[in-house]
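The values are calculated or read from the model by the stated rules, or taken from the named source; none is laboratory data. Being a predicted model, the structure only gives us computed values, none of them experimental. Every residue, glycine as well, gets a Cβ built from its backbone with ideal geometry; the counts of neighbours run over all protein chains shown. Side chains are part of the model used for accessible areas, which takes the heavy atoms of the whole protein and leaves out ligands, DNA and RNA. Shrake-Rupley method; radii C 1.70, N 1.55, O 1.52, S 1.80 Å.
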Amino acid sequence: MNKITVPFIKKAKGKKIITALTAYDYLFARIIDQAGIDIILVGDSAGTTVQGLSSTIPVKMEEMLYHTEIVHRGVKQALVVSDMPFLSYQASIENAVENAGLFLKKGAEAVKLEGGVAVADIVKRLVSMGIPVMGHIGLTPQSLNIMGGYRIQGKTKKKAESLINDAKALEDAGVFSIVLEGMPEEVAKEITEEVSIPTIGIGAGRYCDGQVLVITDILGMDPDFTPRFVKKYKDLYKEIKDAVETFKNDVEERRFPAEENVFHIKER
Ligand code: KIV
């Protein structure tokens with residue numbers, strides 16, 4: 001299969017359903033890539049999934065650059081998109097260009113940033129500098145404090161209209177796709193019909209042009225996190241815990257290492 005590029009994703013609308021998953025390191029990125037997923041998102045969800053934070057707000061540029069670098073090493077085919085963390089693009093357009101450029105130097109092929117109308121000028125400048133941008137609207141985790149929690153957005157007619165405006169502003173600014181997170185599927189459907197670029201949903205229902213989920217969520221690695229919009233394809237929490245407990249018992253009861261795990265001298 002050919003390398004997935006930004007123009008490929010743009011042209012996929014109406015022809016192919018886009019698949020996307022997050023990755024934060026080399027091993028997971030390689031598995032996801034070899035499974036044929038179109039987009040690997042180096043999400044700032046790294047903060048909550050691998051760093052144990054309660055939100056993505058404290059995630060730093062240098063951490064996202066590190067995750068990008070080690071994900072990129074595992075990817076041959078998928079498009080690598082990196083999340084710009086909170087405060088890496090909001091302060092000024094110059095700051096946004098510099099930080100987005102650093103992601104491309106580490107191997108990302110595009111960046112994602114949160115917001116609609118409010119970030120349209122930033123997006124426009126990044127795209128004009130040759131930096132592809134994926135938009136992200138709806139439940140935008142970096143705006144946790146404004147939203148008053150992780151709440152589904154666009155539930156009233158007025159708020160739904162504002163999301164549609166955000167999507168159009170991002171399209172005009174030049175994004176190649178938009179993540180629609182945490183909104184009624186009717187709103188996501190309308191946005192998907194109104195814009196010419198692909199929409200990629202997470203908790204946004206069945207009518208988007210593609211779907212994205214967090215890798216540790218689909219693998220069931222956190223038994224305390226079971227939101228409605230996630231489908232758990234495995235219970236890796238249990239499987240990993242079982243394996244670790246078995247190792248512990250094997251060591252304590254001298255079943256490991258066994259004859260097949262040891263080396264011997266050839267002659268004394
Ligand atoms: O950080 C993240 O993982 C995201 C998603 C859209 C899943 O932004």
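Among the residues of the range 131-157, the ones that are within 15 Å of the ligand (Cβ to nearest atom), outside any strand (DSSP E or B) and not polar (S, T, N, Q) come to 6 in all. Restricting the range 192-214 to residues that are open to solvent by 10 Å² or more (accessible area, probe 1.4 Å) and polar (S, T, N, Q), the residue that is nearest to the ligand (Cβ to nearest atom) is GLN211. Residues in the range 127-139 that are in contact (Cβ under 8 Å) with a residue 40 or more places away in the chain, out of contact with any Lys or Arg (no Cβ under 8 Å at 6 or more places or on another chain) and either under 12 Å from MET84 (Cβ atoms) or buried (at least 23 other Cβ atoms within 10 Å of the Cβ) (or both): PRO132, ILE137, GLY138. For the range 17-29, a residue qualifies if it is surrounded by fewer than 19 Cβ atoms within 10 Å (Cβ to Cβ) and either aliphatic (A, V, I, L, M) or touching a helix residue (DSSP H, G or I) at 6+ places or on another chain (Cβ under 9 Å) (or both), and the qualifying residues are ILE17, ASP25, TYR26, LEU27.
From the list ASP38, ASP83, the one residue that fits, being within 16 Å of the ligand (Cβ to nearest atom), farther than 28 Å from SER162 by Cβ, open to solvent by less than 20 Å² (accessible area, probe 1.4 Å) and in contact with a helix residue (DSSP H, G or I) (Cβ under 9 Å, 6 or more places away or on another chain), is ASP38.
You will find that of ALA118, ALA167, the residue that is in a helix (DSSP H, G or I), more than 16 Å from the chain's Cα centre (by Cα) and within 14 Å of GLY201 (Cβ to Cβ) is ALA167 and no other.
On the given criteria, is ALA160 surrounded by fewer than 17 Cβ atoms within 10 Å (Cβ to Cβ) and more than 15 Å from the ligand (Cβ to nearest atom)? When the stated conditions are applied, ALA160 does not pass them. Out of curiosity, is LEU180 surrounded by fewer than 19 Cβ atoms within 10 Å (Cβ to Cβ) and within 14 Å of the ligand (Cβ to nearest atom)? In short, no.
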